[in-house]
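Contents: one structure, followed by commentary.
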Amino acid sequence: MSRSYLGDDCLQYLKQRQSFLWLNPNYQNRSSAPLKPDESRLYEASERLLRLAPLLKTLFGELESSGGIIESTLTYIKALNQAIDSPPGDLFLKNDHQLPVAGSIKARGGIYEVLCFAERLALENGIIENIDDDYNKLADSHARELFSRYRIIVGSTGNLGLSIGLISSALGFSVTVHMSVDAKEWKKQRLRENGVNVVEHANEYSNAVAAGREQASRDPFAYFIDDENSPLLFMGYAVAALRLKNQLEEAGRKVDEQHPLFVYLPAGVGGAPGGITFGLKAIFGANAHCFWAEPVESPCCLMGLATAASDSLPSVSQLQLTNRTDADGLAVGCASHWVCNAVRDGVSGVYTATDDELYQKLKQLHDLAQTDVEPSAAISLLGPKLLSSPTGVRYCDEHQLSEYMSNATHIAWLTGGALVPDDEYSNYLSLAEKFTK
């Protein structure tokens, strides 16, 4: 039996599918996170992405202007700040829904891990002699012939598969993506159009991951990207924190004891929010406050973070939750044990939201910020409001933040949407209209 830090009130909220804010009792308890990665790996990942940038520029024409750097903008929308129900401070949007190549936050972790594998193969097989060599050699015919012998395999709800499929195909790898049958059809089609083998599974996301892991175990030339247990994915995401630090400085936003930073991160299995949380805490320490966001039917990370580090993590099905939500990227039944044990002390809390609430924020982003995202990304916009709730006020009081809230920077992390087909997004807006009348 897993030991849980969920109180009776929280359990009732979860079982009744009510949106609420849960505060993490292990926040700042270093001993609760037994798998904390070495912070030096964050800087190693950043340096690797810099030396691989010329290769990415060669592979993807859309990266010409950025010199091969995959990054999104940080924007302040005055109309949105005036309309949103939030505590004092200024709300910014981190626009990972517009990340080049893959159109979602998964462009950070997925592309990074495939590049790590390609770099290793290239070094081992003499395509490049050392890390100071010309990395454009990884795009030539000799490298492609080498990479074509290997198969990249991953389990995905959609966006991770897109990022891995696109970069792997561009390098010449064979790729197989295992997905649940109810994943978005347009994502499966886009993968197939790029030569990716898509295998569908009738059950939930974790079954797709297990199938991919099992397939890779039988093939000596297979490389499995394990969304549930991947330090490389994690560090690819974490680099975003270093980039954000520079963007905040460029925007004139301080982050210190009197200028707190609040970041709201959509959470599926936990890799992306986990990596970003790790990076932000490494850079800003106690002055960065990271809140994760999940649908009421899929609060797997909340349940995972509320479970003792040494115990197996529960599935949302144990609370008779369906794991069905229009926020398909967040439809995960069981969180990553590895991620939870890496950042259990760094997550301030987790909030849940109904699909109705997601659509309300999706429409608000469309109307006030001319920003079009997937429902899973819109959940981040609900974060600031929760700091005005009794639970949020208690958090601010306990951490001596209340008197400094007018100086706060809030960041809603928008995680996906750029590749959504027009007709699909029109359906989102139609649903949003029903929930806002």
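Here, each number is a calculation from the coordinates, and none is a lab measurement. Worth saying up front: this structure is predicted, and the values here are computed from it rather than measured. All Cβ positions, even for glycine, are placed from backbone atoms using ideal geometry, and neighbour counts span all protein chains on display.
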Could you line up 120, 243 from fewest to most neighbouring Cβ atoms inside 10 Å?
-> 120, 243
Taking only Cα atoms, what is the 0 to 90° angle, nearest 10, from helix 271-284's long axis to the longest principal axis of the chain?
-> 70
For a footprinting-style exposure proxy, rank 19, 388, 312, 376 by other Cβ within 10 Å, fewest first.
-> 312, 388, 19, 376
Taking Cα atoms, how many degrees apart are the long axis of helix 231-250 and the longest axis of the chain, rounded to 10 and kept between 0 and 90?
-> 60
Local charge sum around residue 254 (other residues, Cβ-Cβ under 13 Å, Lys/Arg +1, Asp/Glu -1)?
-> -3
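Taking a threshold of 29 Å on the Cα-Cα distance, which of the pairs 184/254; 57/363; 15/245; 57/188; 78/254 fall above it?
Violating the 29 Å Cα-Cα cut-off are 184/254; 57/363; 15/245.
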Once the Cα atoms of helix 106-124 and of the chain are each reduced to a long axis, what angle between those two axes, in degrees from 0 to 90 to the nearest 10, is obtained?
-> 30
Centre separation in Å (Cα based) which lies between the stretch 160-215 and the stretch 256-287 = 29
Per DSSP H run of n ≥ 4, the term is -39500 (n - 2.57); total these for the chain, divide by its residue number, and report the mean residue ellipticity at 222 nm rounded to 500 deg cm²/dmol.
-> -13000 deg cm²/dmol
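Using r as the Cβ-Cβ distance of residue 259 and residue 394, and R0 as 22 Å, what FRET efficiency do you calculate, to the nearest 0.05?
0.55
Please report 186, 338 as a ranked list, fewest other C-beta atoms within 10 angstrom at the top and most at the bottom. Numbers along the way, then the final one.
Details: 186 14, 338 19.
Exposure proxy ranking, most exposed first: 186, 338.
For the chain, what is the Kirkwood estimate of the hydrodynamic radius, computed as the reciprocal of the mean inverse distance between distinct Cα atoms, to one decimal in Å?
With all distinct Cα pairs of the chain included, I get 21.7 Å.
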